[in-house]
1. Would you mind getting me the FRET efficiency between Lys234 and Glu2? Use the beta-carbon distance for r and R0 = 41 Å, nearest 0.05.
2. Measure of size requested: the Rg and Dmax of the stretch 4-152, with Cα atoms as the atom set and Å as the unit; please supply both.
3. If you fit an axis through the alpha-carbon atoms of helix 128-137 and take the longest principal axis of the Cα set of the chain, what angle between them do you get, 0 to 90°, nearest 10?
4. If r is the Cβ-Cβ distance from Phe206 to Glu264 and R0 is 25 Å, what FRET efficiency results, to the nearest 0.05?
5. Determine which residues of the stretch 456-494 fall in the zone a paramagnetic label at Glu360 would reach in this model, i.e. backbone nitrogen under 13 Å from the point 7 Å along Cα→Cβ.
6. PRE reach from Asp14 (point 7 Å along Cα→Cβ): which of the stretch 211-228 fall under 13 Å by backbone N?
7. Using mean Cβ contacts within 10 Å as the protection proxy, how do 63-70, 132-139, 116-123 order, highest first?
8. Once R0 is set to 51 Å, what does the formula 1/(1 + (r/R0)^6) return for the Cβ-Cβ distance between Glu302 and Asn331, expressed as a FRET efficiency to the nearest 0.05?
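A short reminder: the numbers here are calculations on the coordinates, not readings from a lab. Values in this document were obtained by computation on a predicted structure and should not be read as measured data. Here the Cβ positions follow ideal geometry from the backbone for every residue, glycine too, while neighbour counts run over all protein chains shown.
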Amino acid sequence: MEATTIVLFGATGDLAKRKIYPALYNLFVDGKLPKAFSVVGLGRREWSDEKLQDNVGKSIAEFSRRKAVSEEEQGKLNEFLAAFRYCVLDVGNEEDYKKLLTLVENREEELGIPQNRLFYLSVGPEFFETIAFRIKSSGLGTTKGWKRLVIEKPFGHDLATARDLNEKLSAAFSEEEIFRIDHYLGKPVVQKLEMLQQANPVLQAFWTNRYIANVQITANETVGVEERAGYYDKSGALRDMFQNHMLQLLMMLAIHLPSDSTSEDVRAKKKGVMEALVPLQAETVASRIIRGQYKDGAIKGEPVVAYTAEPGIPADTRNDTFIAGKLEIDNYFWRGVPVYIRTGKRLKEKSTRIVIEFKEPLKQASQAAQAKESGIVPNLLVFELAPNEGITLQLNTREPGAGGVFKPMNVDLHTHRDNTAEAYENLIHDAFLGDSTFFAHWDEVELSWAWVEPILKAFENEQVPLRLYEAGSYGPKESDELLAEDGFHWWFDD
Ligand code: BG6
């Protein structure tokens, strides 16, 4: 791996503290960072190098999956911290970028490393454009090595703003240089989806509408709006989760990959899925999309207030905190297989999973009742992303002998081992390598926004009723009805 300088905007912020520093540290301990690397942290606060190093140390003590306890580990941590420098920067001030350029160049010279620069924008999206512009105009982006830009969602607020942002970023970085983080793509089980399919012809063979009855993608959360009222009330579940994380999961699941596919193949296949996703029309949105908002209720016995009573949320808000949808992919593999997606806040439990329900041969004949009586359930392939990680195949089994009923049996294909790399580690490591397989590419982002656009409009025009649901439930009952109409139900709701 080539020696690199990480230029981290937002070094004093929350994301850096919770995710980026622990991820970098774990990569360092695992020997997955370049041998020579330097981190230049930037922020508005008047911090010194020591203050940054001190804070990075604290973030590791609090948030890292590995702590530095033994003397040897302490030594390793100190070595890691010594790579950090701090520079005060006002994102709009050209002079500050000149200062930054001098610091970066000095460090490159001191360490004898090439000018490979990874610009990580851990800041609000309102700063993306200015920073990208200044990186170019100050000469920071004119390197003798490579340069890359890492940004986090949201990538735009709708199709028009996403296009506008992309145009601005493209003036300073090419598409190959932009790494858009969608942290769901870094989750270990999502990364295994691709591998499992590639390595197992048996799964590939079953990955079609011939055998699959429906697909269910769930991301239920127990948390409410937390301290993000300002952001969340303008985003809602549709922009915050559905347009990005949920559609990315759908793409990763729906692609068919030969074993030798490259990141370009993945990109092309994902684009293909989005292009095949049947678009919604103003008239069809209401029958396919359920829009919800939480009322008061209780989560695990603790009373919680309604969304409209949350601090900072206007009492008359119509924002969505829940969304469920029925989608169709009109291609050779998936035609006729409904894909149900749901996500929301203040639901009964935290659970993120993908369920593939296989067709029930017995059900197709006139033997449905017999199947039910005998205890046979459909075969399921379940990808659990949270709270536990695992991949299981549900089969039916029965003790030998007369009279017994069938019972579901789970074949465990993967269980979480403690201390496996977390999403940010996987993604940052790939950004160092320049491998964009598990990042959101512009085509996908644009097509996702285009797909949700009619929903955004229909919400705005009040063409989709806002269904209130009790906090601590599984969402509005209309979300269950969406599946019931097709003869299905959400798996694992009790
Ligand atoms: C973020 C959203 O992208 O993902 C949050 O902005 C949400 O609202 C979070 O809570 C969920 O992530 P995870 O990894 O906890 O499922």
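1. Details: r = 40 Å, r/R0 = 0.97.
According to the calculation, E is roughly 0.55.
2. Cα only, the stretch 4-152: 14.8, 46 Å (Rg, Dmax).
3. For helix 128-137, the angle is close to 40 degrees.
4. Working: r = 26 Å, r/R0 = 1.05.
It comes out at approximately 0.45.
5. 487-491
6. 224-228
7. On the way: 63-70: 14.6, 132-139: 18.0, 116-123: 23.0.
Highest mean packing first, the order is 116-123, 132-139, 63-70.
8. Working: r = 45 Å, r/R0 = 0.88.
Between Glu302 and Asn331 the formula returns 0.70.
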